[in-house]
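Student: Could you have a look at this structure, given as structure tokens, before my questions?
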Amino acid sequence: MTKELENNASLAVLIDADNANPLTIAGLLAEVAKLGIASVKRIYGDWTLPNLGAWKNVLLEHSIQPIQQFRYTTGKNATDSAMIIDAMDLLYTKTFSGFCLTSSDSDFTRLASRIRESGCKVFGFGEKKTPKPFVAACDRFIYTEVFIKKENDSTKPTLKPKPQKELQNDNNLLSLFNGAIEATSDEEGWAQLGTVGSYISKTANDFDPRTYGYFKLSGLVKAIGLYKIERKENSIYIQAH
């Protein structure tokens, strides 16, 4: 069983350089800071290759330790193996409450499952192309596209809100909300929005309002336009029409 993390929880952030985007790292680490303290920040790759050159300034700015791993033969990814071995070594120290695995590669699926079996939280970060088995193996999975910022903008990432019609035609999204409201509502059918969000996160570990173009859950609910919204005692409640 995994435990809820405290604000000062020690986290190990491990990044697969071959399957991550340097433009997302600032936002990713800001997200990690909401989960706990990044006690270890390592990134794995063959740094002799020119395609990883874009990482240099990012690593210096965020104090991420690069781990060199040569490719011993064509077609075999030694980087994945090095990252997995390091993760297990860190796990055995029993000093971490959670691991943040950054990759869009399904090769880390078993690693995520093994870490969770030891009672640690696993937060996955990757692009929307990430295979579902790896997504499902994590306690929570966050798509890194939500961290990409506009040029010359150091504040907020670029989000493109989906139009209301598209949201209303998204059966999976509506099913998540309707199921959460039904499970958490009172006798009159009203459900506290925060509770609804927590329930959805437990049933869909990759759910994130930012994926739909909205920074907050309340903004997404309003955009859908199918739910009654009321504010009661400083809390937002919603009800299905």
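The values are calculated or read from the model by the stated rules, or taken from the named source; none is laboratory data. Predicted model, so just to flag it, every value in this text is computed and none were measured. Positions of Cβ are generated from backbone atoms using ideal geometry, with glycine treated the same way; all protein chains shown enter the neighbour counts.
Student: Given the criterion farther than 16 Å from I15 by Cβ and in contact (Cβ under 8 Å) with a residue 60 or more places away in the chain, identify the matching residue among S97, S118, S104.
Tutor: Criteria check complete, one pass: S97.
Student: Same structure, new question: Mind telling me which of the residues N172, N178 ends up being assigned to a helix (DSSP H, G or I), at negative phi, touching a residue at least 60 places away in the same chain (Cβ under 8 Å) and among the polar types (S, T, N, Q)?
Tutor: Of N172, N178, the one residue that is assigned to a helix (DSSP H, G or I), at negative phi, touching a residue at least 60 places away in the same chain (Cβ under 8 Å) and among the polar types (S, T, N, Q) is N178.
Student: Are any residues in region 195-241 of a type in the set (A, V, I, L, M), out of contact with any Pro (no Cβ under 7 Å at 6 or more places or on another chain), in a helix (DSSP H, G or I) and farther than 24 Å from F134 by Cβ, and if so, which ones?
Tutor: If the condition is that a residue be of a type in the set (A, V, I, L, M), out of contact with any Pro (no Cβ under 7 Å at 6 or more places or on another chain), in a helix (DSSP H, G or I) and farther than 24 Å from F134 by Cβ, then V196, V221, I224 are the ones that fit.
Student: May I pose another question? Those residues that are in contact with a Ser or Thr (Cβ under 7 Å, 6 or more places away or on another chain) and without any contact (Cβ under 8 Å) to a residue 40 or more places away in the chain, I need them from region 181-205; list them, please.
Tutor: T184, T195, Y199
Yes/no per residue for (1) outside any helix (DSSP H, G or I); (2) touching a Lys or Arg at 6+ places or on another chain (Cβ under 9 Å); (3) under 15 Å from K41 (Cβ atoms):
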residue: G53; (1), (2), (3): no, no, no
residue: I67; (1), (2), (3): yes, yes, yes
residue: R71; (1), (2), (3): yes, no, no
residue: D80; (1), (2), (3): no, no, no
residue: M88; (1), (2), (3): no, yes, no
residue: L91; (1), (2), (3): no, yes, no
residue: F108; (1), (2), (3): no, no, no
residue: K128; (1), (2), (3): yes, no, no
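Student: Residue by residue through region 171-184, note down the ones that are more than 16 Å from V196 (Cβ to Cβ) and either outside the structural domain of K228 (by TED's automatic domain parsing) or surrounded by 14 or more Cβ atoms within 10 Å (Cβ to Cβ) (or both).
Tutor: none
Student: Report the residue count in region 4-37 for those that are among the small types (G, A, S) and surrounded by 18 or more Cβ atoms within 10 Å (Cβ to Cβ).
Tutor: Within region 4-37, residues that are among the small types (G, A, S) and surrounded by 18 or more Cβ atoms within 10 Å (Cβ to Cβ) number 5.
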